[in-house]
Amino acid sequence: MENWDEVRTAFHVARQGTVSGAADILGVHHATVIRHIDALEARLGVKLFQRHARGYTATEAGQDLLRVAQTTDEQFHQLEGRIKGRGSDVSGELLVTSLVAFAPLMVGALTSFRQAYPDVTVRYLTDDRVFRLEYGEAHVALRAGKQPEEPDNVVQPFARQDIAMYASKDYVARHGLPETAEALQDHFFVGHDNLDNRAPFLRWLRDAVPTANIVFRTTDSRVMERAILAGAGIGFMGAREATQFPELVQVMPPREEWTSPLWLVTHVDLHRTAKVQAFLSHLKDYTGEGSAR
């Protein structure tokens, strides 16, 4: 839509039912409201309201517009609430995103951050998609792989996650351990359902063993972890996370070619706010990355 002011005006007319009510909320003259409605209807080529003595009632087309405008208005208010007045204190919502594979790290860091800053409400979102920081979808993102290149983001190198190959003791009891890289072709593996996944260790696996050997496939790293623990096959896990499971046996130690660099990403407009800086410092201290720099 070319003119959000006109849509917003129509939204308030639909909610209030009168031109005067919408004008009061918007702080404009009632003639401005009428002009916006007329211009919007002319642009769309459809009547958005039925005029009557008691005011304005949205037509079917007007109801459609109202639903879209209401969603947009709510999103604007949510964004305003996350940003407004949060530049000088450490309070309100802290919205952090990463792949679910990093949840063991991030949950601990976020929990201890809340203990240090009890006025903060943590929102931690995990998804394979890239959250758009420029749209207010997150304050801080932890990303893996190639260095992010969005022009309005501040990108900091964070750490490298050591990835190793593991099997459960039950799997080893049934199938033994591969003694050489060539012996991997005689074993079964847990992998990603998308065989074109770009994770370095999964690309290595595709080259090292026949596709038919990847017998348990999933899109969720948590399911991969449970499948390895259940003995479905050999698979990859973060070396730090694997120490939590005494039933695992390390099949191959971490390799450089399996490792992806990690990046902390913030939007330039929020990077210097007290809340974002406090969390970045806390996360680096929590992982030992702060003292390493």
field: FRET efficiency for V155 and V215, using Cβ-Cβ distance with R0 set to 41 Å, rounded to 0.05
entry: 0.60
field: From phi via Karplus (6.51, -1.76, 1.60), per-residue ³J(HN,Hα) for the stretch 250-257 in Hz, x at Gly/Pro
entry: 7, 7, 9, x, x, 10, 4, 6
query: How large, in Å, is the stretch 110-235 by the Kirkwood hydrodynamic radius built from its alpha-carbon pairs?
result: 17.5 Å
message: What value in Å³ per residue do you get for the convex hull of the alpha-carbon atoms in the chain?
response: 188 Å³
field: Span from the the stretch 183-223 Cα centroid across to the the stretch 240-271 one, whole angstrom
entry: 18 Å
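So what is the accessible area of the stretch 119-166 per residue, in Å², with the probe set to 1.4 Å?
Working: 2570 Å² over 48 residues.
Ligands and nucleic acids excluded, the result is 53 Å² per residue.
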- prompt: Nearest-5 percent of antiparallel DSSP beta bridges in the chain?
  reply: 60 percent
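Which order do the peptides 249-259, 144-154, 235-245 take when ranked by the mean count of other beta-carbon atoms within 10 Å per residue, highest first?
Top to bottom by mean Cβ count within 10 Å: 235-245, 249-259, 144-154.
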- prompt: How much FRET efficiency would the formula 1/(1 + (r/R0)^6) give for R222 and D5, where r is the Cβ-Cβ distance and R0 is 45 Å, rounded to 0.05?
  reply: 0.45
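If you wrap the stretch 97-162's Cα atoms in a convex hull and average its projection over all directions, what's the area in nm²? Write out the running numbers ahead of the final one.
Working: hull surface 20.6 nm².
Computing the convex hull of the Cα atoms and averaging its projections yields 5.2 nm².
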query: Label 7 Å along Cα→Cβ of W204; the stretch 250-278 residues with amide nitrogen under 17 Å?
result: 250-262
Å² of accessible area per residue within the stretch 194-243, as computed with a 1.4 Å probe and no ligands counted: 51 Å²
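Carbon and sulfur atoms: what percent of the 1.4 Å accessible area of the chain do they account for? Mind dumping the intermediate values first?
Working: 7700 of 15730 Å².
C and S fraction of accessible area: 49 percent.
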query: Over the stretch 197-293, what per residue volume does the convex hull of the Cα atoms give, in whole Å³?
result: 152 Å³
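The values are calculated or read from the model by the stated rules, or taken from the named source; none is laboratory data. Because the structure is predicted, anything quoted here is derived from the model rather than measured. All Cβ positions, glycine included, derive from the backbone under ideal geometry; neighbour counts span all protein chains shown. The accessibility values were calculated without ligands, DNA or RNA, using every heavy atom of the protein model including side chains. Shrake-Rupley method; radii C 1.70, N 1.55, O 1.52, S 1.80 Å.
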